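Peer 1: Questions regarding the structure given below will be posed in turn.
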Amino acid sequence: MFESIQKRKQDEQRFIEEGRMPPGQSYTQRFPVLHYGPVPHFDPAKWDFKVWGEVEIPLNLTWEQFNELPRTQLKMDIHCVTRWSKFDTLWEGVSVRTLVELGMVKPLPSAKYVLQHAEYGFTANLPLEIVLAENFLLATHYDGVPLSPDHGHPLRGVVGAIPDKPEVKTPYLWKGAKWLRGLEFLPEDKLGFWEEAGYHNEADIWKEQRFAR
């Protein structure tokens, strides 16, 4: 146990020295489970994924169709507002930027924000520029295996920091919604579930924007 604690402290110090540890955070080797409400049941025959709002043509995909989309793998550091950070996490899923490049999603010039809609009416908001950045993913897999139910199976939004690209804007992990069912493109910002509860709307990890002032 002592060796494990020492190893964790050494790794944490390395991440700090590399400039990868945001202020107020602490390194964890685990992947804590945090969410509001129960874990929803997944029925692949009834599940669908929708894109609507400020787009040229709405999109509606079945689970089978979603799994036929081009895949992206992404290694990121993820940072939770509850002050834990996990480094070099490996995710796989579908990039929204890829959907735009393929012409499957065509945002209108009026589209400036995206509201993620998840099960039970849960929402999470982000500027369009972050949703289209390379560090936002519609994730189906974590660490080489499908997401567990507690971590958002079958689909979740995930956003994190890419170690060698500090210029890419990175919000806290809550800005990616678990059990995701759709994306609504909006002309104006609309607060998500946690933002309405008093969390910071921008949630920049480097500015330590945890709560609204």
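All of the numbers you see were taken from the coordinates with simple rules; none came from a lab. Given the structure is predicted, the values throughout are model-derived calculations rather than measurements. Reconstructed Cβ throughout: ideal geometry from the backbone, glycine too, with neighbour counts over all protein chains shown.
Peer 1: Among the strands (runs of 3 or more DSSP E) lying completely within the range 56-126, list those that include at least 2 residues that are within 29 Å of Lys207 (Cα to Cα), free of Cβ contacts under 8 Å to residues at least 60 places away in the same chain and not basic (Lys, Arg). Break it down stepwise before answering.
Peer 2: Numbers: elements: 59-62, 72-79, 84-94, 113-118.
Fully inside the range 56-126 and qualifying: 84-94.
Peer 1: Further question: I'd like the residue in the range 1-59 that is within 28 Å of Val81 (Cα to Cα) and aliphatic (A, V, I, L, M) and, out of all such residues, is farthest from the chain's Cα centre (by Cα).
Peer 2: Among residues in the range 1-59 that are within 28 Å of Val81 (Cα to Cα) and aliphatic (A, V, I, L, M), the one farthest from the chain's Cα centre (by Cα) is Met1.
Peer 1: Further, regarding this structure: Can you tell which of Phe49, Phe42, Phe15 is assigned to a loop (DSSP other than H, G, I, E, B) and surrounded by 11 or more Cβ atoms within 10 Å (Cβ to Cβ)? Before you say what the answer is, go through the steps one by one.
Peer 2: Working: Phe49 fails: assigned to a loop (DSSP other than H, G, I, E, B); Phe15 fails: assigned to a loop (DSSP other than H, G, I, E, B).
Answer to the check: Phe42.
Peer 1: Going by the structure shown, is Pro171 in contact with a Ser or Thr (Cβ under 7 Å, 6 or more places away or on another chain) and either surrounded by 21 or more Cβ atoms within 10 Å (Cβ to Cβ) or free of Cβ contacts under 8 Å to residues at least 40 places away in the same chain (or both)?
Peer 2: Values: in contact with a Ser or Thr (Cβ under 7 Å, 6 or more places away or on another chain): no; either surrounded by 21 or more Cβ atoms within 10 Å (Cβ to Cβ) or free of Cβ contacts under 8 Å to residues at least 40 places away in the same chain (or both): yes.
Against the criterion (in contact with a Ser or Thr (Cβ under 7 Å, 6 or more places away or on another chain) and either surrounded by 21 or more Cβ atoms within 10 Å (Cβ to Cβ) or free of Cβ contacts under 8 Å to residues at least 40 places away in the same chain (or both)), Pro171 does not qualify.
Peer 1: Could you please let me know if Thr62 is among the β-branched types (Val, Ile, Thr) and within 20 Å of the chain's Cα centre (by Cα)? Talk me through it step by step, then tell me what you get.
Peer 2: Details: among the β-branched types (Val, Ile, Thr): yes; within 20 Å of the chain's Cα centre (by Cα): no.
No, not satisfied.
Peer 1: The conditions are (1) hydroxyl-bearing (Ser, Thr, Tyr); (2) within 30 Å of Arg8 (Cα to Cα); (3) touching a helix residue (DSSP H, G or I) at 6+ places or on another chain (Cβ under 9 Å), and Thr123 fails exactly one of them. Which is it?
Peer 2: Thr123 satisfies every listed condition except (2).
Listed here are the residues, each with its yes/no results for (1) surrounded by fewer than 16 Cβ atoms within 10 Å (Cβ to Cβ); (2) over 18 Å from Gly182 (Cβ atoms).
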{"residue": "Asn60", "(1), (2)": "yes, no"}
{"residue": "Arg71", "(1), (2)": "yes, yes"}
{"residue": "Lys86", "(1), (2)": "no, yes"}
{"residue": "Pro109", "(1), (2)": "yes, yes"}
{"residue": "Asn125", "(1), (2)": "no, no"}
